[in-house]
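Below is one structure, written out as structure tokens; comments come after it.
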Amino acid sequence: MGKSRENKRKPPREGRTITVGRAEAVPPGRGATVQLKDGSEVALFNVGGRFFAIENFCPHKGYPLADSKLRDTTVECEFHGWKFDVTSGECFTKPQCSIDRYDVTIEDGMIKLHV
Ligand code: FES
């Protein structure tokens, strides 16, 4: 079984590094939506000072995961409770519905997203 929904706002893999903002703007334990210039977006999470990015899209019905609750490294979709590992994009609820993750680094306090 494939994904039940297609993410039309998934950033294309282009080998680019994009500066998306200051690390202090995303407090530990929180998520943030990062919208890129082309209209695509990722969900960025701060897990105790470590940053992770995944598709901002729950493959169940498309709810944006950045707005969902983060517990340690697991984000639980607000809509119907599907759970994802923000470090890997793995879907705990339905492993075949795992989503993409993106590398994130912090340089001089700035968040760098690698797509
Ligand atoms: S949209 Fe249903 S669990 Fe996320």
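Taken together, the values in this text are just the output of simple stated rules run on the coordinates, not laboratory data. All figures in this text were calculated on a predicted structure; none of them were measured in a lab. Because the Cβ atoms are built from the backbone with ideal geometry, glycine has one as well, and the counts that use them run over all protein chains shown.
Residues considered: E41, E24, E90. Largest GNM mean-square fluctuation over the chain, using C-alpha springs under 10 Å, is found at E24. Is the chain rounded, prolate or oblate when judged by the Cα gyration tensor, a ≥ b ≥ c being the square roots of its eigenvalues, rounded requiring a/c under 1.5 and prolate requiring a/b larger than b/c? Taking the square roots of the gyration eigenvalues as a ≥ b ≥ c, the chain is oblate. For T73, nonlocal amide neighbours, meaning residues 5 or more places apart or on other chains whose placed amide H falls under 5 Å from its own, do not occur. In a fully extended conformation the segment linking T87 and K112 would gain 7.4 nm over its present Cα-Cα distance, using 0.36 nm per residue.
In sequence order, region 86-97 has phi-based couplings of 6, 7, 10, x, 4, 8, 6, 6, 9, x, 6, 9 Hz under the Karplus curve 6.51 cos²θ - 1.76 cosθ + 1.60, θ = phi - 60°, and Gly or Pro positions carry x. Annotation: amide H-H contacts under 5 Å for Y63 (H modelled 1.01 Å from N, sequence separation of 5 or more, or interchain): C58.
How much net charge surrounds D67 when only the other residues with a Cβ under 12 Å from the Cβ of D67 are counted, with Lys and Arg +1 and Asp and Glu -1? For residues surrounding D67, the net value is -1.
Amide H to amide H distances under 5 Å link G21 with I111, where only residues 5 or more positions off or on other chains count and H is placed in the peptide plane. Each residue of region 65-80 was assigned a 3J(HN,Hα) from its phi angle through the Karplus curve 6.51 cos²θ - 1.76 cosθ + 1.60 (θ = phi - 60°); the sequence is 6, 4, 8, 9, 7, 9, 10, 6, 9, 10, 9, 10, 4, 5, 6, 9 Hz, with glycine and proline shown as x. Taking each of K8/K69; K37/K112; K37/K94 in turn, the alpha-carbon distance tops 26 angstrom for K37/K94.
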